[in-house]
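Input: a single structure, listed below in structure tokens.
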Amino acid sequence: MHKPTPSILSIPKRTPIAAAALTALVLGGCASSSEDVNTLPAGLSGAVVEKVYDGTTDDLLTAGLGKTGLMGAAPAYATPATPTASELRRNAIYNNYRALVDYTAAGGMGVLYGPNIDLNGGDTLGEGKIAGREYIATVDDGTGKQNVTLMVQVPDSFDAKKPCIVTATSSGSRGVYGAIGTAGEWGLKRGCAVAYTDKGSGNGLHDLTSGAVMARDGTMLNAATAGTQAIFQSAAAASDVAAFNTATPNRVAYKHAHSQQNPEKDWGKNTLDAVRLAFYVLNERYGTATAADASKKVRTIVPGNTVVIASSVSNGGGAALAAAEQDTEGLIDGVAVSEPNAQPGANTGLTIQQGAANVATHSKPLIDYFTYANVYQPCAALSTQASQALAAAFWPAAFTTAAQNRCAALAARGLLTGATLAEQADAALAKLNAYGWQAETNFFHQSHFRFATNSIVVTYVNTYGRFSVTDSVCGFSMANTTAIGDVAAQVPATQAGVFASGNGVPPITGIANLVYDRSVGGAKLDFLAVSPTSNTADFALDGALCMRSLVTGKDEATGAALTGTLKAQSDRVIAGVNEVQLTAKLRSKPTIIVAGRSDTLLPVNHTARAYFGKNQLTDSAADAAKVRYIEVTNAQHFDTFIAFGALLGYDTRAVPLHPYLNQALNAMWSHLSTGAALPVSQVVRTTPRATSATALTAANVPAIATAPVAGDQIVMTGLTLKVPD
């Protein structure tokens, strides 16, 4: 059998090799040309669109807003009902940037981090605008249903003689600009090309009543004529949609929940696709013309001479780890991620110990611990040990009543002990602590339930089970709602800006909230819904327990195995969950994982700690020695929540995690470019601000230590990951 000729992507990175020898290796004497011709990566659907940004009126990083604009009020559309593609891009960058960092000066923006702060921490970059070129393309599997957006930004400071690429896969379910303020910013400042992707779970809306869908540039199209130009449209049969609209009018579908693709299984591949696109556009711009055809370029920027760092945060961080695990071509040199959604899969050999205490439960799949939280979190939030009291604007009196009803309903079903509300709330919180949430997370449960938990449960159960929007799984749907929780029609002028305002999951103001269609008296916002079983407003407990059962395969209250339709749905969900578990084998790539100890969304015992521990146990000793874990005290998942000050109470309890991603990227860059040692795995001890009026300083967020004291070092001892208190 003829042995395949090695591709240039399989050549060991940074191995010195003469150009002539490289060409011969790539072509193997089989091609008629002696030149390595730059070609489009496989799977691209349509053209690669290039736009040039001058760095003054518009730019790559801030969309022309600069540091001042990003910290100010949202820019207005000239005509709100029909914003232009450039306006939508500008506002998408504005909203995505502020969604991932504390955007206030007191919280560190413009002082410790931000577009104006250079990579050494100095305020030297003015407004931080960055000139360059932006390339956007779509990759698909040929069905027209995936339509994954890829983007490459190439700053004018890019040095073709010292090429570098940084990945910035979107966090959460955000669109392609979803990591611009984190890994994107760092890469652009470094002068690297930045490879982005929305990973197929981006912000794609389909209004099932009007047929409105979102084009790739954010403008609105009609599903009947949009074809593959839409970011997403439901694949449900027209007859099913018609029946669904009749039974439940004014509903919407969202890509992550309803694409029926389980996109998470491909997040690593999507990230690698973005890197391949980056190599392509860099060679188109900087490569020399071939001798045979002046319109074609010779590839001179290749993995062997390019530093590539896989990075991002949250889901994007998980995608970077997945990409590293799947990188059989040697595209990636190193990894630096923060608060990653890293699902390590089966991990029974690992023990996690904090201080002297073993962690009772760890390494659960995301949808397992989320559906558990969705049942107990609102009751636990009433415990005196979880003392957060959200402002009435976020938590009206009706929500407190619903939380009290949730406690009573759980006790009535035998799921909680305690005769009094206080005892029930304490019992619910104890369940969460026993299920992997640190005591350090207790304060944050109420706000996480208010803004995240339930929507993530509905989104991920739907995506893992590959359900259509018309399946109405467990009685949930998505719709605009009124102040009293009734379903309302979409407002076209609001919908027109959803490319910029939406984050891919509810709640999206004026567009999509979760609706419990089985509420007594008719469909209602889930937070105001009345469960049939309890006949009280209890945050739709019947629906929450149904979602939980689809993950565990059994009734939460009785322990009985599911049957019939629920069993079939559960089998689909469990199969989807199994598709997205990671191996924690990183192919000898140096890696730094940063996480906040107080992360309540992605608790470290199920994510960062668990993934790192599995890597240390299952990877080869030489490869595991290249992986580092940095855990930051008083840091949690949503830096932007700190900006809300007293309204949420994060500012005096949490510090931003973002500076530590920047430090991890700097450390990885130094390691790859100069051979500098990576920092030792460690706990970094921070100090929150004393009051809301106090400004954050460097003293609050000390640097990752080069040589931490023994009492701060995170170590593996046998099968036990030991994390200092």
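The values are calculated or read from the model by the stated rules, or taken from the named source; none is laboratory data. Predicted model only: the values in this text are computed from it and were never measured. With ideal geometry, Cβ positions are generated from the backbone for all residues, glycine too; neighbour counts draw on all protein chains shown. The accessibility values were calculated without ligands, DNA or RNA, using every heavy atom of the protein model including side chains. Shrake-Rupley method; radii C 1.70, N 1.55, O 1.52, S 1.80 Å.
Checking each residue in segment 555-590 for being outside any helix (DSSP H, G or I) and hydrophobic (A, V, I, L, M, F, W, C) picks out ALA557, ALA560, ALA561, LEU562, VAL580, LEU582, ALA584, LEU586.
Could we say that GLY218 is within 30 Å of CYS164 (Cβ to Cβ), buried (at least 23 other Cβ atoms within 10 Å of the Cβ) and in contact with a Leu (Cβ under 7 Å, 6 or more places away or on another chain) here?
On the way: within 30 Å of CYS164 (Cβ to Cβ): yes; buried (at least 23 other Cβ atoms within 10 Å of the Cβ): yes; in contact with a Leu (Cβ under 7 Å, 6 or more places away or on another chain): yes.
Considered against the rule, which asks whether it is within 30 Å of CYS164 (Cβ to Cβ), buried (at least 23 other Cβ atoms within 10 Å of the Cβ) and in contact with a Leu (Cβ under 7 Å, 6 or more places away or on another chain), GLY218 comes out as yes.
Check whether at least one residue in segment 567-585 is at pLDDT 95 or above, farther than 29 Å from ASN462 by Cα and open to solvent by less than 10 Å² (accessible area, probe 1.4 Å), and report yes or no. The answer is no, given that none of the residues of segment 567-585 is at pLDDT 95 or above, farther than 29 Å from ASN462 by Cα and open to solvent by less than 10 Å² (accessible area, probe 1.4 Å). If GLY502 satisfies every condition in (1) buried (at least 22 other Cβ atoms within 10 Å of the Cβ); (2) touching a strand residue (DSSP E or B) at 6+ places or on another chain (Cβ under 8 Å); (3) at positive phi but one, which is the exception? Single failed check for GLY502: (3).
Could you check, for segment 343-355, whether at least one of its residues is assigned to a helix (DSSP H, G or I) and closer than 30 Å to PRO724 by Cα? Give the steps one after another, and end with the answer.
Within segment 343-355, the first condition is being assigned to a helix (DSSP H, G or I), and the residues that meet it are none.
No, every residue in segment 343-355 fails to be assigned to a helix (DSSP H, G or I) and closer than 30 Å to PRO724 by Cα.
Restricting attention to segment 144-177 and to residues that are closer than 9 Å to ALA274 by Cβ and of a type outside the set (Val, Ile, Thr), the residue that is nearest to the chain's Cα centre (by Cα) turns out to be ALA168.
The set of residues in segment 273-290 that are open to solvent by 10 Å² or more (accessible area, probe 1.4 Å) and either closer than 25 Å to ILE456 by Cα or among the hydrophobic types (A, V, I, L, M, F, W, C) (or both) contains only ALA289. Note on segment 269-304: residues that are in a helix (DSSP H, G or I), more than 30 Å from SER173 (Cα to Cα) and not acidic (Asp, Glu) amount to 4.
Does VAL491 count as within 19 Å of ALA253 (Cβ to Cβ), touching a residue at least 12 places away in the same chain (Cβ under 8 Å) and crowded, with 24+ Cβ neighbours inside 10 Å? Considered against the rule, which asks whether it is within 19 Å of ALA253 (Cβ to Cβ), touching a residue at least 12 places away in the same chain (Cβ under 8 Å) and crowded, with 24+ Cβ neighbours inside 10 Å, VAL491 comes out as no.
Of the residues THR417, THR463, THR400, which single one is open to solvent by less than 40 Å² (accessible area, probe 1.4 Å) and either over 16 Å from LYS524 (Cα atoms) or part of a loop (DSSP other than H, G, I, E, B) (or both)?
Values: THR417 fails: open to solvent by less than 40 Å² (accessible area, probe 1.4 Å); THR400 fails: open to solvent by less than 40 Å² (accessible area, probe 1.4 Å).
Exactly one of THR417, THR463, THR400 is open to solvent by less than 40 Å² (accessible area, probe 1.4 Å) and either over 16 Å from LYS524 (Cα atoms) or part of a loop (DSSP other than H, G, I, E, B) (or both), namely THR463.
Against the test of being free of Cβ contacts under 8 Å to residues at least 40 places away in the same chain and of a type in the set (D, E, K, R), the options ASP159, ASP198, ASP207 yield a single qualifying residue, ASP159.
Within segment 504-524, the set of residues being more than 18 Å from VAL469 (Cβ to Cβ) and under 29 Å from the mean Cα position of the chain (by Cα) comprises THR509, GLY510, LYS524.
Checked against (1) touching a helix residue (DSSP H, G or I) at 6+ places or on another chain (Cβ under 8 Å); (2) over 30 Å from LEU350 (Cα atoms); (3) assigned to a loop (DSSP other than H, G, I, E, B); (4) of a type in the set (A, V, I, L, M), ALA392 passes all but condition (1).
Looking across segment 116-143, not a single residue is open to solvent by less than 40 Å² (accessible area, probe 1.4 Å), among the small types (Gly, Ala, Ser), part of a loop (DSSP other than H, G, I, E, B) and more than 20 Å from LEU70 (Cα to Cα). When segment 351-372 is filtered for residues that are within 17 Å of LEU582 (Cα to Cα) and open to solvent by 10 Å² or more (accessible area, probe 1.4 Å), the ones remaining, listed by number, are HIS362, SER363, LYS364, PRO365, ASP368.
Can you tell which of LEU665, LEU602, LEU678, LEU661 is of a type outside the set (Gly, Ala, Ser), in a loop (DSSP other than H, G, I, E, B) and open to solvent by less than 10 Å² (accessible area, probe 1.4 Å)? Full working, then the answer.
Working: LEU665 fails: in a loop (DSSP other than H, G, I, E, B); LEU678 fails: open to solvent by less than 10 Å² (accessible area, probe 1.4 Å); LEU661 fails: in a loop (DSSP other than H, G, I, E, B).
None of the other options fit; the residue is LEU602.
Filtered by the rule that a residue be closer than 12 Å to LYS589 by Cβ, of a type outside the set (Val, Ile, Thr) and not in a helix (DSSP H, G or I), segment 319-342 gives ASP327, GLY330, LEU331, ASP333, GLY334, ALA336.
For segment 344-371, the set of residues classified as touching a helix residue (DSSP H, G or I) at 6+ places or on another chain (Cβ under 6 Å) and within 18 Å of GLY465 (Cβ to Cβ) consists of PRO365, ILE367, ASP368, PHE370, THR371, listed by residue number. Of the residues making up segment 305-317, none is out of contact with any strand residue (DSSP E or B) (no Cβ under 6 Å at 6 or more places or on another chain), part of a strand (DSSP E or B), open to solvent by 10 Å² or more (accessible area, probe 1.4 Å) and of a type outside the set (Asp, Glu).
So that you can scan it fast, the table gives a plain yes or no per residue for (1) touching a Lys or Arg at 6+ places or on another chain (Cβ under 6 Å); (2) among the hydrophobic types (A, V, I, L, M, F, W, C); (3) more than 19 Å from GLY414 (Cβ to Cβ):
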position: LYS524; (1), (2), (3): no, no, yes
position: VAL530; (1), (2), (3): no, yes, yes
position: PHE539; (1), (2), (3): yes, yes, no
position: LEU545; (1), (2), (3): no, yes, no
position: ARG548; (1), (2), (3): no, no, no
position: THR552; (1), (2), (3): no, no, no
position: ALA557; (1), (2), (3): yes, yes, no
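One residue alone among LYS265, LYS162, LYS199 is surrounded by fewer than 20 Cβ atoms within 10 Å (Cβ to Cβ) and within 30 Å of THR300 (Cβ to Cβ), and that residue is LYS162. Looking only at residues that are without any contact (Cβ under 8 Å) to a residue 24 or more places away in the chain and not small (Gly, Ala, Ser) in segment 540-562, which one is surrounded by the fewest Cβ atoms within 10 Å (Cβ to Cβ)? Once the filter is applied, the top-ranked residue is THR558. Of all residues in segment 624-658, those that are of a type in the set (A, V, I, L, M), open to solvent by 20 Å² or more (accessible area, probe 1.4 Å), touching a residue at least 24 places away in the same chain (Cβ under 8 Å) and outside any helix (DSSP H, G or I) total 1. Checking each residue in segment 520-539 for being without any contact (Cβ under 8 Å) to a residue 24 or more places away in the chain and either in contact with a Ser or Thr (Cβ under 6 Å, 6 or more places away or on another chain) or open to solvent by less than 10 Å² (accessible area, probe 1.4 Å) (or both) picks out only VAL530.
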